[in-house]
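Note sheet for the following structure.
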Amino acid sequence: MTGPGPDDGPGWGDSTEDHRLARRGARHPTFLTSLPKPLRVAIFDQTTMSMRKRGTELRVRGARAQEAHFIFAGCVAERVQSSQVNILRFHQTGTMIGGDDLALPPGIEPFTELDLPLLHTRVTCLTTTQVRSIPMARMRALAEAEPRVYRALLTSQVQKSVELQHVYQNFRGSIIGRVANLLLHLAERNFLAGVDGIQSWIVAGPSQSEIAEALMLSRASVENALRELRSGRMITTSSRRYVITDPTRLGEVSGRPFRSFAG
């Protein structure tokens, strides 16, 4: 096993900014933290750590998908496409990728791209991303042998589904409120940093065009919303980087309070 342990802080170094962000932002996924320490260690001991560069694709579905991935730091984009569907979602620190099938009841075989030839899922790293991967067979064996692991997997997937529905399918909200809600969602499990002497939360990864696509908005609408948020001194922006300087006010705009899990 390489890298930090299940109860240690990150323990690697690099001079690039993306790696510093990953190093400072690493947090254990909520699925793991919901388990007692012995089970957490048992799962952790089966994983391998890697730092994936921006643009790297994680194989998560189909006959060649052999691993589930825990995102310990960074941001990935998950795109689900078919002849009629094009869905884009972002996942930050604390998400398990490729483990949806693991929450199926024992004896139920998961769907693959061979079963659904028109459905294709791609997960691409939008930043340098710290990933811990576990062979699917080992993870499934742990889930079938230990009810608490299966229950945690199921709870994690349900929570993930509810959160994503609230963030991406809130079509009744205002445009600025929906953009603010997405930024809060991505920032809540991210790390706290000092920017110009002000405590801030940093969201790195999605471009404005990708945010527009994920929320089913025009790019101009997203640009206008970000401009208003900047004018209100709630955020600052640069290329693929959004610094939240006033999460309380941003929460008021989004219609829900900011909840930081990064401490």
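Which residue is surrounded by the most Cβ atoms within 10 Å (Cβ to Cβ), if the candidates are limited to the stretch 53-71 and must be at pLDDT below 85 and aliphatic (A, V, I, L, M)?
V60
Just to be sure I understand, how many residues within the stretch 243-252 are in contact with a Gly (Cβ under 9 Å, 6 or more places away or on another chain) and either closer than 15 Å to L186 by Cβ or among the small types (G, A, S) (or both)?
The first filter runs over the stretch 243-252 and keeps only residues in contact with a Gly (Cβ under 9 Å, 6 or more places away or on another chain), leaving 246, 249-250.
Now restrict to residues that are either closer than 15 Å to L186 by Cβ or among the small types (G, A, S) (or both): 250.
The total comes to 1.
When the residues of the stretch 165-204 are narrowed to those that are buried (at least 23 other Cβ atoms within 10 Å of the Cβ) and either at positive phi or not in a helix (DSSP H, G or I) (or both), which ends up modelled with the lowest pLDDT?
Applying the filter and picking the extreme gives N190.
Please indicate, with yes or no, whether at least one residue in the stretch 72-85 is modelled with pLDDT under 80, surrounded by fewer than 20 Cβ atoms within 10 Å (Cβ to Cβ) and basic (K, R).
Residues of the stretch 72-85 that are modelled with pLDDT under 80, as a first pass: 82-85.
Next, only the ones that are surrounded by fewer than 20 Cβ atoms within 10 Å (Cβ to Cβ) stay: 82-85.
Imposing the further condition that a residue be basic (K, R) reduces the set to none.
No.
Would you pick out the residues in the stretch 149-160 that are touching a helix residue (DSSP H, G or I) at 6+ places or on another chain (Cβ under 6 Å) and not small (G, A, S)?
V149, Y150, L153, L154, Q157
For the stretch 202-260, give me each residue that is without any contact (Cβ under 8 Å) to a residue 12 or more places away in the chain and among the basic types (K, R).
If the condition is that a residue be without any contact (Cβ under 8 Å) to a residue 12 or more places away in the chain and among the basic types (K, R), then R219, R227, R230 are the ones that fit.
Only one of (1) farther than 28 Å from T33 by Cβ; (2) at pLDDT below 95 is not met by G263, so which one is it?
All conditions are met except number (1).
Being at pLDDT 90 or above, aromatic (F, W, Y) and either surrounded by 22 or more Cβ atoms within 10 Å (Cβ to Cβ) or not assigned by TED's automatic domain parsing to the domain that holds P206 (or both) narrows it down to one residue among F90, F111; which is it?
Working: F111 fails: at pLDDT 90 or above.
None of the others qualify; the one that does is F90.
The values are calculated or read from the model by the stated rules, or taken from the named source; none is laboratory data. Keep in mind it's a predicted model, so treat the numbers as computed, not measured. Note that each Cβ is placed from the backbone with ideal geometry, even for glycine, and that neighbours are counted across all protein chains shown.
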